[in-house]
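Asker: Okay, here's the structure, questions in a sec.
The values are calculated or read from the model by the stated rules, or taken from the named source; none is laboratory data. Model, not experiment: these values are computed from the prediction. Cβ sites come from the backbone with ideal geometry, for glycine too, and all protein chains shown count toward neighbours. Note: areas computed on protein heavy atoms with side chains; ligands, DNA, RNA excluded. Shrake-Rupley method; radii C 1.70, N 1.55, O 1.52, S 1.80 Å.
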Amino acid sequence: MENKIILIILADVVGWGYFLCWTVSFLPQIYENWRRKCVVGFSFDMLAYFLLSYITYLIYNVTVFFDPGLVFDNSGEDNPVKTTDVVFAIVAFICTSYQGIQCLMYDRGSQKIHSSTIVVCVGCLVALFILVVLKCFGIGSWFLVLQYCGYVKLVVSFGTYSPQVWLNFKRKSTTGFHIGGVLLDFGGGVLSLLQMDIYCFIEHSINQLTGNIPKMALAVVTLLFNIILVWQHYVFYLGNELVGADEQKPLLRGAKKTKFYSVDVNSEEGDFQVTSLSLSVDENTENPRSRKSNSQESLV
């Protein structure tokens with residue numbers, strides 16, 4: 001009996017641990033967007049899929065938490081949806097919505113959301129609305145609605161991180177995407193699976209895994225894609241920093257900034273002359289000083 005109480009307390013502690021990891025994981029990207037006043041490098045398609053998944057995740061968790069009998073029989077087993085699941089779903093929806101607002105406020109460059117993403121997200125929400133309306137008219141059941149939410153979360157989870165992975169691949173850089181959120185995501189996924197395993201051991205049942213499919217899918221897929229994103233950041237594209245013109249600042253206060261311009265001014269019979277102009281600006285005095293140099297080269 002004492003061992004069971006200890007395991008229950010451990011499961012609750014682990015649950016709040018993954019809740020904190022996943023909740024805090026939104027903050028690095030929010031801060032990064034605010035710091036740069038720019039969202040270039042942050043995938044809008046990924047954000048849209050996240051928003052869709054957290055809408056369905058929120059509906060599923062809140063409903064099952066207050067009425068678990070809608071999904072599975074009450075057999076004396078503990079509800080697979082915990083308080084931490086509900087709180088996280090609410091916080092995740094709020095944070096993701098705020099990231100969407102940032103994408104509207106800050107510089108987006110040439111990035112835009114793909115039409116296919118809009119079609120998928122709108123289509124899923126319309127289907128959810130239809131199921132709810134049919135239930136209100138006595139057709140279908142809440143079980144069907146909740147199962148739909150659960151499996152939308154399951155399916156969308158497998159593609160949520162794909163747009164960000166693809167964007168990093170195209171740009172050959174992870175600039176604009178904060179790796180801190182990925183590391184916290186990874187920790188949250190490990191703790192989430194650990195909590196479900198502890199409850200399975202306590203109850204001698206796999207109901208904690210099969211009764212909360214969205215949670216299990218979120219944890220597993222989070223681990224897989226986070227490994228890919230971490231690999232991209234620390235191995236594939238390490239040091240590939242794409243910095244915009246408005247972010248080119250000197251490392252030391254008062255240091256000089258220099259820009260070089262090269263112009264072809266003459267080219268005939270295989271010879272060409274290049275004029276290079278350098279402009280140095282002292283940030284303290286804001287006095288520009290220019291220097292001009294000529295070089296004669298020959299094409300052989």
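Asker: Treat region 126-168 as a sphere of radius equal to its Kirkwood radius over Cα pairs and apply Stokes-Einstein at 37 °C in a medium of 0.692 mPa s; give the translational diffusion coefficient in µm²/s, rounded to a whole number.
Answerer: 278 µm²/s
Asker: Then there's this: Each residue of region 3-11 in turn: what ³J(HN,Hα) in whole Hz from Karplus with 6.51, -1.76, 1.60 and θ = phi - 60°, glycine and Pro shown as x?
Answerer: After applying 6.51 cos²θ - 1.76 cosθ + 1.60, I find 5, 5, 5, 4, 5, 5, 5, 4, 5 Hz.
Asker: While we're looking at this one, here's another question. Please list, in chain and number order, the residues 5+ apart from Cys38 or on another chain whose amide H is under 5 Å from its amide H, with Hs placed from the backbone.
Answerer: Asp107
Asker: Next up: To the nearest 10 square angstrom, how much accessible area does Trp142 have with a 1.4 angstrom probe?
Answerer: Rounded to the nearest 10, that gives 100 Å².
Asker: Now a separate question. Considering only protein heavy atoms, with the full assembly of protein chains and a 1.4 angstrom probe, order Val182, Val132, Val119 by accessible area, largest first. Before the final figure, lay out the partial values.
Answerer: Details: Val182 5, Val132 50, Val119 105 Å².
Accessible-area ranking of Val182, Val132, Val119, largest first: Val119, Val132, Val182.
Asker: Taking just the alpha-carbon atoms of region 120-206, what radius of gyration and Dmax come out, in angstrom?
Answerer: When restricted to the Cα atoms of region 120-206, Rg and Dmax are 18.6, 53 Å.
Asker: Once you put a point 7 Å from the Cα of Asp197 and another 7 Å from the Cα of Leu70, both along the Cβ direction, what distance in nm separates them?
Answerer: Here the modelled spin labels are 3.2 nm apart.
Asker: While we're looking at this one, here's another question. Under the 0.36 nm per residue contour assumption, what length would be gained going from the current alpha-carbon distance of Tyr106 and Ile228 to full extension?
Answerer: Details: separation 122, 0.36 × 122 = 43.92 nm, distance 2.73 nm.
Working it through step by step, the gained length comes to 41.2 nm.
Asker: Under the Karplus relation 6.51 cos²θ - 1.76 cosθ + 1.60, θ = phi - 60°, what is the ordered set of whole-Hz ³J(HN,Hα) values for region 160-165, x standing for Gly and Pro?
Answerer: 4, 7, 4, x, 5, 4
Asker: A further question on this structure: Based on the Cα gyration tensor of region 13-113, what are the three equivalent ellipsoid semi-axes, each the root of five times an eigenvalue, rounded to whole Å and given largest first?
Answerer: Numbers: eigenvalues 218, 43, 13 Å².
Semi-axes, largest first: 33, 15, 8 Å.
Asker: So, one more: Write down the accessible area per residue of region 37-120 in Å², having rolled a 1.4 Å probe over the full set of protein chains. Write down the numbers at each step before the final one.
Answerer: Values: 3830 Å² over 84 residues.
Accessible area per residue, region 37-120: 46 Å².
Asker: In nm, give the distance between the simple-model label positions of Val62 and Ile139, each being 7 Å from the Cα along the Cα-to-Cβ direction.
Answerer: Computed distance between label sites Val62 and Ile139 equals 2.6 nm.
Asker: Right, something else. What ranking of Leu27, Leu58 comes out by heavy-atom accessible area, probe 1.4 Å, highest first?
Answerer: Working: Leu27 95, Leu58 40 Å².
Order by accessible area, largest first: Leu27, Leu58.
Asker: Now, a different point. Let me cross-check His114: its accessible surface, 1.4 Å probe, with only protein heavy atoms counted, in Å² to the nearest 10?
Answerer: 100 Å²
Asker: Along region 20-37, what does the Karplus equation 6.51 cos²θ - 1.76 cosθ + 1.60 (θ = phi - 60°) give for ³J(HN,Hα), rounded to whole Hz, x for Gly and Pro?
Answerer: 5, 4, 5, 5, 5, 4, 6, 5, x, 5, 4, 5, 4, 5, 5, 5, 7, 6
Asker: Compute, for Arg108, the solvent-accessible surface of its heavy atoms (probe 1.4 Å) with the complete set of protein chains present, and express it in square angstrom to the nearest 10.
Answerer: Its accessible surface works out to 100 Å², give or take rounding.
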